[in-house]
Amino acid sequence: MSTVAGNNPLSARATPPGAPDGLRLRVEQASYAYAATERSAPKFTLGPVSLEARERELVAILGPNASGKSTLLKLLAGLLKPLSGRVEVDGEEVSELELRTRAQRVALVAQESELLFPLRVWEYVLQGRYPYGKRLRFESEADCLLAGNALAQVGADELRDRWMDQLSGGEKQRVILARALAQQPSLLLLDEPTQHLDIGGKVELLRRLRKLADEHRYTVVVVTHELNLAAEFSDRIALMHKGKCLRMGTPAEVYERDVLQQVFEAPLEVEIRNSGRPRVMLGGNR
Amino acid sequence: MRPLTPAKILSICAALAAVLFVEVVVSLQIGAYHMGARDIVVTLYQGALGHWDAMPGEFKSVIFGLRLPRIALGILVGAALSTAGAGFQALLRNPLADPYVLGVSSGAALGTIISLIVTPHAPGAMQGAAFVGAFATVAVVYFLGRRGGQLDSATLLLAGIVAASFLSAVIMFLMTTISGRDLRGMAFWLMGDLQSDPRIDLRWLYFLLIVAIGCIFTTSSDLNLMLTGEQEARHLGVNVNRVKLVVYICASLLTGLAVSVSGAIGYVGLLVPHVMRMLFGTDYRLLIPTSAIGGAIAIVLADTLARTVVAPSELPVGAMTALAGAPVFIYLMRRRMR
């Protein structure tokens, strides 16, 4: 399996041989609390949360604002260390990985990327090769090839010589995704990537993420507010509510009318489409 | 895609060094005692080889005794301030950051003056005190420049301006305790002055300069990522806290070095890195060395002009850099606000 990934620079790294059944991400009873000191009570507590994600899976984390989605994502990225429990990527505790090793395994696409000085698209995408470089990190031809491949993979090949600050929202999002792919991670995390996109851009992005998971074996975890897009494109959904993972399962298992109404405090209706995937609509009692 | 290579950095630096050399030769010609460019180059060559007996005595005293020490000091100060400016711009994520604008130079100047009053004859005390002054000022301005836990660009600049004016007031207060004989020299020094003090050992200062610039240079690929945001740099594997500490210490040291020997020369740290960005792009692996050489070029030029435009009298070099730098600062600020 590892030779496949080695020969194909467009794909995620192979799952390590010891991992059972392509398991990439394993969160076991992980919890976290902000501002917990001896004298003050914690402002926000997450968990304990458990979830798993395998190779080629797209997992969506859903929930209203302040439900703990972003905190969970930071735990998955290793930016926060869980107070209890474990967060493992490829069988290793992610918050204890050396910084560059972690960046080789996990790529996090943040909500926004604010540049201090103008940068060309290719320069930006090449930054994704940083975790692989030595001191001063002069990029090799192989790095350029991989960055070029990453741009092609998100359909942004023609943007390579443009300036970052002259791109539209959708174009910028694709380039940011390309930089994450240039990291060649096994786990791709995205924090509300659809936030600044129109509906066409949202569908296109989710379709692309689905394709990356299916064809290139990435494990993709997306935090989003888009209930219907998540139902359409994800394999599994973690529904967060007040710092707890209320439900975890396939979209059809998680999308129950009563549960959604309780979590989102809105009159939502759920119907199951012919494809077997649920669709959420606004109910009658508006 | 044409990524940066060491060969490209070396060739650009060599070209800038050649410009600096020509400028130094031109600058060495200026003065009451006239010398041709050929004589200067030959004398420099003989000096570099240590053939002191081969050159005429007056050439030796004019070039190595009078003019070259001043130019060497200018090169040191220019390189130090420009690199410190480029470092502060990345560290504070503010394109308008500069040791002078942020009040760091005033902090270093205060340190120098305190050391002059308390320990006037201790070797290296001025540099040490200037470093402490710069270091403490950055810390204060950094904390005052935060709003809601985040570094705010405008608040940071305001904090710098307030710190500079407060520190200047303290400096004025301390200057009243200094005897009238030293006062004029002190006032001139405060505006930025390259009259070299024969007690200063330039070799030590150059050693510290190269070490500090070298340390910042080793973080340059990290700084590239930090320009896109600290959080993102962390995601990509940058040890952000270590990089910030290195740049903070080294940029403060460079400011301290420059101010302790030449006073508060303004705007070089702002102007030069921006010009280098316009010429060669924003990559810090190229920006740090080109800013260092570019800063040297700028100060030697400013000093040459300061000595010639009102000859036989002369201006403080800080006045020349402020004349050029202040309009550029306004231009950059307006462009950013648009």
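No value in this document is a laboratory result; all are computed from the given coordinates. Because the structure is a prediction, the values reported are computed rather than measured. Using ideal geometry, Cβ is built from the backbone for each residue, glycine included, and neighbour counts are taken over all protein chains shown.
Residue by residue along A:99-107, Cβ atoms of other protein chains within 10 Å of the local Cβ number 3 on average. Computed over the stretch B:37-100, the range of Cα coordinates on each principal axis works out to 53, 19, 18 Å, biggest value leading. For the stretch B:213-315, dividing the convex hull volume of the Cα atoms by the residue count gives 100 Å³ per residue. Based on C-alpha pairs under 8 angstrom that are at least 6 apart in sequence, the stretch A:85-229 has a relative contact order of 30 percent. Tally Lys/Arg at +1 and Asp/Glu at -1 over every other residue whose Cβ is under 10 Å from the Cβ of B:THR282; what's the total? With Lys, Arg at +1 and Asp, Glu at -1, the net is 0. Normalised by the number of residues in chain A, the average gap of Cα pairs under 8 Å and 6 or more apart makes the relative contact order 24 percent. Listed by chain and number, the lysines whose alpha-carbon sits under 22 Å from that of A:LYS69, ignoring those within fewer than 8 places in the same chain, are A:LYS43, A:LYS81, A:LYS202, A:LYS242, A:LYS244.
Treating each Cα of the stretch B:72-337 as one equal point scatterer and applying the Debye formula with no solvent, the log10 of I(q)/I(0) at q = 0.11, 0.13 Å⁻¹ comes out as -0.55, -0.77. Quick check: Cα centre of the stretch B:278-313 to Cα centre of the stretch A:128-143, how many Å? Here the two parts' Cα centres lie 31 Å apart. A simple charge model with +1 on the Cβ of Lys and Arg, -1 on the Cβ of Asp and Glu and nothing else charged puts the dipole of the protein assembly as shown at about 280 debye relative to its Cα centre. Which percent, to the nearest 5, of DSSP beta bridges fully inside chain A are antiparallel? Antiparallel bridges: around 60 percent, rounded to the nearest 5. Rounded to the nearest 10 degrees, the inclination of helix A:169-182 to the longest alpha-carbon principal axis of chain A is 70 degrees. For the stretch A:63-157, the spread of Cα positions along the three principal axes, ordered from largest to smallest, is 43, 31, 26 Å. Normalise the Debye intensity by I(0) for chain A, one equal point scatterer per Cα, no solvent, then take log10 at q = 0.10, 0.15, 0.16 Å⁻¹ and round to two decimals. Calculated log10 I(q)/I(0) at the listed q: -0.54, -1.18, -1.32.
Take B:101-108, A:26-33, B:274-281 and order them by the average number of nearby Cβ atoms within 10 Å per residue, most first; the result is B:101-108, A:26-33, B:274-281. Based on the Kirkwood radius over alpha-carbon pairs, what value in µm²/s does the Stokes-Einstein equation return for the translational diffusion coefficient of the protein assembly as shown at 25 °C and 0.890 mPa s? So the translational diffusion coefficient is about 90 µm²/s. Adding -39500 (n - 2.57) for every DSSP H run of four residues or longer, then dividing by how many residues chain B holds, sets the calculated 222 nm ellipticity at -24000 deg cm²/dmol. DSSP beta bridges confined to the protein assembly as shown are antiparallel in about 60 percent of cases.
Peptide A:125-134 has a mean shielding of 3, counted as Cβ atoms of other protein chains within 10 Å of each residue's Cβ.
Relative to the longest principal axis of the Cα atoms of chain B, helix B:153-175 runs at roughly 40 degrees. What net charge is computed for the residues neighbouring A:ASP235, neighbours being all others with C-beta under 12 Å from the C-beta of A:ASP235, Lys and Arg scored +1, Asp and Glu -1? In short, -1. The angle between the Cα long axis of helix B:6-29 and the longest principal axis of the Cα atoms of chain B comes to about 40 degrees, rounded to the nearest 10. With a 10 Å cut-off around each Cβ of B:212-222, the average count of Cβ atoms from other chains is 2. Where the alpha-carbon atoms of the stretch B:41-150 are placed on the principal axes, they occupy 67, 35, 17 Å, in descending order. For A:LYS134, go through the lysines and keep the ones whose alpha-carbon is under 22 Å away, minus same-chain ones fewer than eight residues off. Straight-line reach from A:LYS134, under 22 Å: B:LYS8, B:LYS244. The packing ranking, built from the mean of other Cβ atoms within 10 Å per residue, places the peptides A:50-56, B:310-316, A:103-109 in the order A:103-109, A:50-56, B:310-316, highest first.
Taking 35 Å as R0, compute the FRET efficiency from the Cβ-Cβ separation of A:GLN195 and A:GLU92 and round it to 0.05. With a Förster radius of 35 Å, E is 0.70.
Across chain B, Cα pairs under 8 Å and at least six residues apart give a relative contact order of 29 percent. Using the average count of surrounding beta-carbon atoms within 10 Å as a protection proxy, the listed peptides B:43-51, B:216-224, B:284-292, B:319-327 rank, highest first, as B:284-292, B:216-224, B:319-327, B:43-51. Sum -39500 (n - 2.57) across every DSSP H segment of at least 4 residues in chain A, then divide by the residue count to get the 222 nm mean residue ellipticity, nearest 500. Result for chain A: -9000 deg cm²/dmol, rounded to the nearest 500.
Taking the centroid of alpha carbons for each part, the stretch B:1-70 and the stretch A:167-238 are 58 Å apart. One way to sum up the overall shape of the stretch A:154-286 is the equivalent ellipsoid from its Cα gyration tensor, whose semi-axes run 30, 16, 14 Å, largest first.
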